[in-house]
1. Which condition breaks for B:LEU125 when tested against (1) within 16 Å of DNA strand D (Cβ to nearest atom); (2) closer than 27 Å to B:LEU28 by Cα; (3) surrounded by fewer than 18 Cβ atoms within 10 Å (Cβ to Cβ)?
2. I'd like to know if region A:97-110 contains one or more residues that are in contact with a helix residue (DSSP H, G or I) (Cβ under 6 Å, 6 or more places away or on another chain), in a helix (DSSP H, G or I) and either under 11 Å from A:VAL56 (Cβ atoms) or of a type in the set (A, V, I, L, M) (or both).
3. Condition first: open to solvent by 70 Å² or more (accessible area, probe 1.4 Å) and within 11 Å of DNA strand C (Cβ to nearest atom). Now tell me which residues in region A:80-92 satisfy that.
4. Which of the residues that make up region A:93-105 are more than 10 Å from DNA strand C (Cβ to nearest atom) and either open to solvent by 50 Å² or more (accessible area, probe 1.4 Å) or closer than 28 Å to B:LEU28 by Cβ (or both)?
5. Take the residues of region A:68-79 that are buried (at least 16 other Cβ atoms within 10 Å of the Cβ) and within 14 Å of chain B (Cβ to nearest Cβ): which is nearest to DNA strand D (Cβ to nearest atom)?
6. Considering only region B:47-60, how many residues are within 12 Å of DNA strand C (Cβ to nearest atom), in contact (Cβ under 8 Å) with a residue 24 or more places away in the chain and under 14 Å from B:LYS119 (Cβ atoms)?
7. Kindly indicate which of A:LYS65, A:LYS119, A:LYS136 is within 14 Å of chain B (Cβ to nearest Cβ) and open to solvent by 30 Å² or more (accessible area, probe 1.4 Å).
8. Take B:ALA63 and decide whether it is within 12 Å of DNA strand C (Cβ to nearest atom), farther than 21 Å from B:TRP130 by Cβ and either without any contact (Cβ under 8 Å) to a residue 60 or more places away in the chain or within 16 Å of the chain's Cα centre (by Cα) (or both).
Number of protein chains: 2
Amino acid sequence: MINLATDEAVENHGDEGDKQRLRLWLRLLKVSRYIEGELRERLRKEYATTLPRFDVMSALYRAEKGLKMSELSAALMVSNGNVTGIIERLVAEGLVLREPLPGDRRVMLVLLTPEGREKFRDMALVHQGWVSELLKNINARDAATICDILDVKLVRTSAGREGEKE
Amino acid sequence: MINLATDEAVENHGDEGDKQRLRLWLRLLKVSRYIEGELRERLRKEYATTLPRFDVMSALYRAEKGLKMSELSAALMVSNGNVTGIIERLVAEGLVLREPLPGDRRVMLVLLTPEGREKFRDMALVHQGWVSELLKNINARDAATICDILDVKLVRTSAGREGEKE
DNA sequence: GGTTAAAATTTTAAGATTGAAATATTTTTG
DNA sequence: CAAAAATATTTCAATCTTAAAATTTTAACC
């Protein structure tokens, strides 16, 4: 009931679908690499920062109350140890604060400093402009189409969630 | 003449397009991260190798005559120094051969060994199955649609190629 | 209540990645 | 032809990244 494809719904078995999906994956990889590369370079040149740091700040910006380390790594889909190092550097730069969570001494809460919030606000605006420019040949409707197709279509593949009849 | 969007073609200026394209980028990033993570884990567990190594072998497999180091890094959209290290490990594993190009002693040619070709052939088949499984909820037509939209739409943004009327 | 299991984080070792500098070779050019 | 510019690659230091092991703290269980 999610897959609305009419006549194509049947052909999800043959070689053709396999090939198209592999082609799609290679295309996604190429586009991602290209855009990531551009953003990395621009963040470095314009703001003397890196994409991972930007991503971390972005996640923290949306969470005003702060995030646990594990929430942060889950949000970014990277490993725990990874986030530890990036946060270290952001703390050293005065952009992030780390504080214990009262009541559970295992947990570390991280949040943006006022300076971090301000700096991110600046960057985020310019960043959106960059992305829009890099994808300028894709109109709003096509963008929305792709988002929709890629949205629900992915989720149920990894850990075998419940409720999958068939 | 490439952009066939009828009525949307006009709205590539407003805030709406910006937002949709940013949303698209975040979605692309998420999907890529997810699939990359799955493939990495499976390559490690099933074949004791890594995604970068697989990518390098894939590029070399298609180029039977071998590739220059610079052609390889260009194909994968990564830095030169990066490829050097990955090739080193593949050579140590006996999967890749490095040889000088007669006539230009600056150039290093890299190509798969027979063992490398065989091993990649095995992996590639399984790999395609993984990708297709991970994207199984996307039918062939949708996959093709996305590929087409993402295809030409990207290229002309970076270095300002010649021949762009308009 | 003390032992064990679970959870959150950090540390560690290996690899991947970049950008810049260094090397080596070829091409250009005066 | 010699000096300079261009090209191809490697080396280097810094950062990012992962998976696994180690640490610390909390929860569970008998």
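1. In the conditions (1) within 16 Å of DNA strand D (Cβ to nearest atom); (2) closer than 27 Å to B:LEU28 by Cα; (3) surrounded by fewer than 18 Cβ atoms within 10 Å (Cβ to Cβ), B:LEU125 misses (1) alone.
2. No, region A:97-110 contains no residue that is in contact with a helix residue (DSSP H, G or I) (Cβ under 6 Å, 6 or more places away or on another chain), in a helix (DSSP H, G or I) and either under 11 Å from A:VAL56 (Cβ atoms) or of a type in the set (A, V, I, L, M) (or both).
3. Result: A:ASN80, A:GLU88.
4. Within region A:93-105, A:GLU93, A:LEU95, A:VAL96, A:LEU97, A:GLU99, A:PRO102, A:GLY103 meet the criteria.
5. A:VAL78
6. Counting residues in region B:47-60 that are within 12 Å of DNA strand C (Cβ to nearest atom), in contact (Cβ under 8 Å) with a residue 24 or more places away in the chain and under 14 Å from B:LYS119 (Cβ atoms) gives 5.
7. None of the others qualify; the one that does is A:LYS136.
8. When the stated conditions are applied, B:ALA63 does not pass them.
The values are calculated or read from the model by the stated rules, or taken from the named source; none is laboratory data. The structure displayed is predicted, hence computed values, not measured ones. We place every Cβ from the backbone using ideal geometry, glycine too, and count neighbours over all the protein chains shown. All accessible areas refer to the heavy atoms of the entire protein, side chains included, with ligands and DNA or RNA removed. Shrake-Rupley method; radii C 1.70, N 1.55, O 1.52, S 1.80 Å.
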